[in-house]
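One structure is given below, encoded as structure tokens.
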Amino acid sequence: PRYRPDWDSLDARPLPDWFDQAKVGVFVHWGVFSVPAWGSEWFWWHWRGEHRADYERSVQHRFPPDTTYADFAQQFAAHDFQPREWAQLFQKAGARYVVLTTKHHEGFTNWGSPVSWNWNSLDTGPHQDLVGKLGQALRESNIRYGLYHSLLEWFNPLYLADKKSGFKTQDFVSKKTMPELYDLVLQYKPDLIWSDGDWEAPESYWNSTSFLAWLYNDSPVKDTVVVNDRWCSNCSCRHGGYYNCADKYKPGTLPTHKWEMCSSIDKLSWGYRSNMNIAELMDEASIIEELVQTVSFGGNYLLNVGPTKEGVIVPIFQERLLGLGRWLDTNGEAIYGSKPWRVQMENSTDTVWYTSKGSTVYAIFLIWPLDSVLELSAPTPSPATQVTMLGLAGTLKWQKSPGKGLLITLPYLPPSPLPPQSGWTVKLEGVK
């Protein structure tokens, strides 16, 4: 059926299956904001939109007098950008898809956008097609490619004029936003479009439904492309493809609609900050905990890194990604392609989470029980029940719990001065 340019029709489109199977993605925030690399990727807005004193000071201390934000573009050099190394890192991290910022709210495009004259990565800064180069490397590594794109641009005169008219005029949309979206799809054939910058204007201004109808009906990716829900000021958590709802969204119960949680290793920023410290970064245990909770509730987990202006993903971010990948090497069977089970967590605790595949149930526990006996009250065992642990040969002994459920005797964990890794998975077959 052809989709009509209205939400009733567009929202009825089935989500391509690859997205729910994938579960794990990496988000990359990279742009001119990586040059001041201070505070957050909203640097220009905090500095010039809100005139915050701390941002003023940061520029005075680091850059020549009379520096403008446009001057930063020259220094967005990407000298050390190695797209194949990025792709290998993301593959080792267990990511099945990667989302790159093609354009943030600053308006600078990471490809040679024909409607972003001199404010793009071909004309200035890197003098490279960053979107194209990363896409090629990811596809060689068999990783799906998503493109983040902001609908609005804080300081674009066309956008400001439309805003002044109460969004009755649409010059910015017709001359900038829409030409760029069509160009991105036709040139790069993305698997995913991660829209943002939607919150100031209604759907009637953005023409989102017309674009999505074309995307689903006639574009080169019509059968495979996935989109999120940030397409107008009241679309979030209501319209589009899968739902983001809000940054770092945690639903707390099982949503009825496919969703994604985006999170960032740097808890205070999405873009790279030269002034971050270790206490402000997520540790491996928190990353695994967020992933497990998200997937138990049927979501996908999109974990963000911000590269430097040179195109380096700093070692501490690499270390976190590789830690996640090692965990997935052992426990990925309980994550990739899984479905939520009839309960998502043990009723008395948020340290045991469930996923399932067909009749197989996976219990992922985040804290090793003191006596090495794992008590699960949710599954009902049968005489045919078999319990194994992912990453370990052989079966585990279990018995029926005095109440309900089962008691599983875990392998002996030798004492160690280091805290044990986070998260182990027991695989339960023959339970209800």
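The values are calculated or read from the model by the stated rules, or taken from the named source; none is laboratory data. Just so you know, these numbers come straight off a predicted model, no measurement behind them. For neighbour counting, all protein chains shown are included, and Cβ atoms are generated from backbone atoms with ideal geometry for every residue, glycine included. Heads up: the accessible areas ignore ligands, DNA and RNA and are worked out on the full protein's heavy atoms, side chains in. Shrake-Rupley method; radii C 1.70, N 1.55, O 1.52, S 1.80 Å.
Yes/no matrix, rows are residues, columns are (1) under 19 Å from SER269 (Cβ atoms); (2) touching a Leu at 6+ places or on another chain (Cβ under 7 Å); (3) modelled with pLDDT of 95 or more:
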site: PHE43; (1), (2), (3): yes, no, yes
site: ARG57; (1), (2), (3): yes, no, yes
site: THR67; (1), (2), (3): no, no, yes
site: ALA73; (1), (2), (3): no, no, yes
site: LEU89; (1), (2), (3): no, yes, yes
site: ARG96; (1), (2), (3): no, no, yes
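So which residues in segment 285-336 are of a type in the set (D, E, K, R) and either without any contact (Cβ under 8 Å) to a residue 60 or more places away in the chain or open to solvent by less than 10 Å² (accessible area, probe 1.4 Å) (or both), if there are any at all?
Those that are of a type in the set (D, E, K, R) and either without any contact (Cβ under 8 Å) to a residue 60 or more places away in the chain or open to solvent by less than 10 Å² (accessible area, probe 1.4 Å) (or both): GLU290, GLU319, ARG320, ARG326.
Of all residues in segment 140-165, how many are without any contact (Cβ under 8 Å) to a residue 24 or more places away in the chain, over 21 Å from GLU203 (Cβ atoms) and of a type in the set (Gly, Ala, Ser)?
Adding up the residues that qualify gives 0.
Residue-by-condition table, conditions (1) part of a loop (DSSP other than H, G, I, E, B); (2) among the basic types (Lys, Arg):
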position	(1), (2)
ARG4	yes, yes
ALA37	yes, no
HIS61	no, no
ASP66	yes, no
ALA78	yes, no
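So ASP191 ticks every box in (1) without any contact (Cβ under 8 Å) to a residue 40 or more places away in the chain; (2) surrounded by 22 or more Cβ atoms within 10 Å (Cβ to Cβ); (3) within 21 Å of ARG230 (Cα to Cα) but one. Which box is left unticked?
For ASP191, the failing item is (1).
Look through ALA137, ALA161 and report the one residue that is outside any loop (DSSP other than H, G, I, E, B), out of contact with any Lys or Arg (no Cβ under 6 Å at 6 or more places or on another chain) and modelled with pLDDT of 95 or more.
Criteria check complete, one pass: ALA161.
Looking only at residues in segment 239-274 that are assigned to a loop (DSSP other than H, G, I, E, B), open to solvent by less than 30 Å² (accessible area, probe 1.4 Å) and polar (S, T, N, Q), which one is nearest to PRO307 (Cα to Cα)?
If we take residues in segment 239-274 being assigned to a loop (DSSP other than H, G, I, E, B), open to solvent by less than 30 Å² (accessible area, probe 1.4 Å) and polar (S, T, N, Q), then SER269 is nearest to PRO307 (Cα to Cα).
Take LEU152 and decide whether it is under 24 Å from the mean Cα position of the chain (by Cα) and under 26 Å from HIS79 (Cβ atoms).
no
For segment 20-35, what are the residues that are part of a loop (DSSP other than H, G, I, E, B) and under 13 Å from the mean Cα position of the chain (by Cα)?
Matches in segment 20-35: LYS23, HIS29.
Does GLN128 satisfy being under 25 Å from the mean Cα position of the chain (by Cα) and assigned to a loop (DSSP other than H, G, I, E, B)?
Against the criterion (under 25 Å from the mean Cα position of the chain (by Cα) and assigned to a loop (DSSP other than H, G, I, E, B)), GLN128 qualifies.
Take the residues in segment 417-432 that are assigned to a loop (DSSP other than H, G, I, E, B) and touching a strand residue (DSSP E or B) at 6+ places or on another chain (Cβ under 8 Å); name whichever of them is nearest to ALA334 (Cα to Cα).
GLY423
Take segment 390-423 and flag every residue that is closer than 13 Å to LEU376 by Cβ and either touching a helix residue (DSSP H, G or I) at 6+ places or on another chain (Cβ under 8 Å) or surrounded by 12 or more Cβ atoms within 10 Å (Cβ to Cβ) (or both).
LEU396, TRP398, LYS400, SER401, LYS404, GLY405, LEU406, LEU407, ILE408, THR409, LEU410 - these are the residues of segment 390-423 that are closer than 13 Å to LEU376 by Cβ and either touching a helix residue (DSSP H, G or I) at 6+ places or on another chain (Cβ under 8 Å) or surrounded by 12 or more Cβ atoms within 10 Å (Cβ to Cβ) (or both).
Pick out the one residue from SER204, SER236 that is of a type in the set (S, T, N, Q) and open to solvent by 60 Å² or more (accessible area, probe 1.4 Å).
SER204
Mind checking whether some residue in segment 37-49 is under 30 Å from THR330 (Cα atoms), under 19 Å from the mean Cα position of the chain (by Cα) and touching a residue at least 12 places away in the same chain (Cβ under 8 Å)?
Within segment 37-49, none of the residues are under 30 Å from THR330 (Cα atoms), under 19 Å from the mean Cα position of the chain (by Cα) and touching a residue at least 12 places away in the same chain (Cβ under 8 Å).
Looking at VAL343, VAL295, which is the one that is in a helix (DSSP H, G or I), closer than 23 Å to PHE365 by Cα and β-branched (Val, Ile, Thr)?
VAL295
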